[in-house]
Amino acid sequence: MMADGQPQPDCLFCKIVAGEIPATVVRETDLTLAFKDINPQAPVHDLIVPRAHYANAAELAFGAPELAAAVLLEAREVAKTEGIADGGYRVVFNTDAHAGQTVFHVHAHVLGGDFLAHFGT
């Protein structure tokens, strides 16, 4: 079932977007919120979520392609803010449980700050 972008009452990231759960915010726009991952896998590990709820990257791309583009554009801005844009960074979307997605509100991981080969693929 495709979401329509509406907040979900049981969604952790919807609660962070709403300010109900605190997060260390890196950047925010009208469409996105970027914050520190609580279990970092690299020296810089931030998450970018759209303010609208979509379960995963495929659902977002199908339901709101312009919002998917905004998330990717924001990845570049987060990398600049974190000082890793020039050295390189990785943007990862895990889509569904078998790919490692544990919070089912689409989010992009922005990872960098070292040679990422040390942190897996």
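What dipole magnitude, in Debye to the nearest 20, does the stretch 66-112 give about its Cα centre under +1 on Lys/Arg Cβ and -1 on Asp/Glu Cβ?
100 debye
Assigning unit charges at the beta carbon (Lys, Arg +1; Asp, Glu -1) and nothing else, what dipole magnitude in debye, to the nearest 20, does the chain show about its Cα centre?
For the chain, the charge dipole is close to 160 debye.
In a Debye calculation with equal point scatterers on the alpha-carbon sites of the chain and no solvent, what is log10 I(q)/I(0) at q = 0.11, 0.14 Å⁻¹?
-0.33, -0.54
Quantify, in whole percent, the carbon and sulfur part of the accessible surface of the stretch 17-114 (1.4 Å probe; protein heavy atoms only).
Answer for the stretch 17-114: carbon and sulfur cover 54 percent of the accessible area.
Under the Karplus relation 6.51 cos²θ - 1.76 cosθ + 1.60, θ = phi - 60°, what is the ordered set of whole-Hz ³J(HN,Hα) values for the stretch 40-55, x standing for Gly and Pro?
x, 10, 7, x, 10, 8, 10, 10, 10, 10, x, 5, 7, 8, 9, 5
With each run of n ≥ 4 DSSP H residues scored as -39500 (n - 2.57), what mean residue ellipticity at 222 nm is computed for the chain after dividing by its residue count and rounding to the nearest 500 deg cm²/dmol?
-7500 deg cm²/dmol
GNM, the chain, Cα, under 10 Å: largest mean-square fluctuation among Gly63, Gly88, Gly19?
Highest fluctuation among the options: Gly19.
Enter the accessible area per residue of the chain (Å², integer; probe 1.4 Å; all protein chains in place).
Normalised by residue count, the accessible surface of the chain is 57 Å².
If you build a Gaussian network model of the chain, linking Cα atoms that sit under 10 Å apart, which residue out of Asp46, Asp86, Asp96 swings the most?
Asp86
Taking a probe of 1.4 angstrom, what is the accessible area of Asp30 in Å², to the nearest 10?
Answer for Asp30: close to 140 Å² accessible.
Find which of Ala18, Gly113, Thr32 sits farthest along the positive direction of the dipole of the chain, computed with +1 on the beta-carbon of Lys and Arg, -1 on that of Asp and Glu, about the Cα centre.
Gly113
If amide hydrogens are placed 1.01 Å from N in the peptide plane, which non-local residues have theirs closer than 5 Å to the one on Arg51?
For Arg51, whose amide H was placed from the backbone, the distant partners under 5 Å are Thr32, Leu33.
Please calculate the 1.4 Å probe accessible area of Lys36, with all protein chains present, and give it to the nearest 10 Å².
70 Å²
Under a Cβ-only charge scheme (Lys and Arg +1, Asp and Glu -1), can you give me the dipole magnitude of the stretch 14-75 about the Cα centre, in debye to the nearest 20?
In total the dipole reaches around 120 debye.
If you take the square roots of the eigenvalues of the alpha-carbon gyration tensor of the stretch 46-103 and sort them as a ≥ b ≥ c, do you get rounded (a/c under 1.5), prolate (a/b over b/c) or oblate?
Taking the square roots of the gyration eigenvalues as a ≥ b ≥ c, the stretch 46-103 is oblate.
Helix 65-81: angle to the longest alpha-carbon principal axis of the chain, degrees 0 to 90, nearest 10?
The two axes meet at around 30 degrees.
The values are calculated or read from the model by the stated rules, or taken from the named source; none is laboratory data. All values derive from a computational prediction rather than experimental measurement. Virtual Cβ from ideal backbone geometry, glycine too; neighbours counted across all protein chains shown. Just the protein is used for accessible areas: all its heavy atoms, side chains included, with ligands, DNA and RNA removed. Shrake-Rupley method; radii C 1.70, N 1.55, O 1.52, S 1.80 Å.
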